[in-house]
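The values are calculated or read from the model by the stated rules, or taken from the named source; none is laboratory data. Values in this document were obtained by computation on a predicted structure and should not be read as measured data. Note that each Cβ is placed from the backbone with ideal geometry, even for glycine, and that neighbours are counted across all protein chains shown. What goes into the accessible areas is simple: the full protein's heavy atoms, side chains included, and nothing from ligands, DNA or RNA. Shrake-Rupley method; radii C 1.70, N 1.55, O 1.52, S 1.80 Å.
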Amino acid sequence: QGARDNSIHVSLTDASGKPISDAQVRLTFTMPAMPAMNMPEMKTGAELKWTGSEYTAPIQIMMAGGWNVGIEARRGNELLATAQAHINAR
């Protein structure tokens, strides 16, 4: 079975809850290397686009398993926010 297309949606708001619409938002999925299975680290990412209410992008999750997810939002050289999560793709 090949990778499936998925849609990523990220909301980015300021301290008062107002949406931030002028950021560059990048999402990275990383699966750590598994030397016992002779498998190198895998990584995929996407630049998310503002849709008028949130940031979104299509992304392919290459295989089932545990993935670390990193999200970074910038405005020029200014780092606005970062977030880390873990998902289990099936």
### Task
Take each of the peptides 76-87, 22-33, average the number of other beta-carbon atoms within 10 Å over its residues, and list them starting from the highest.
22-33, 76-87
### Summary
The ratio Rg/Rh over the Cα atoms of the chain, Rh being the Kirkwood inverse mean 1/r radius, stands at 1.03
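Please calculate how many Å² of accessible area the chain carries per residue, with a 1.4 Å probe and no DNA, RNA or ligand atoms counted.
Value for the chain: 67 Å² per residue.
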### Task
Would you mind checking which residues have amide H under 5 Å from Met39's amide H? H placed 1.01 Å from N; only 5 or more apart, or other chain.
Met34
### Message
With every atom except the alpha carbons ignored, what do you get for Rg and Dmax of the range 43-90, in angstroms?
### Response
12.5, 36
### Task
Mind giving me the FRET efficiency for Ala89 and Ala33? R0 is 22 Å, r the Cβ-Cβ distance, nearest 0.05 is fine.
0.85
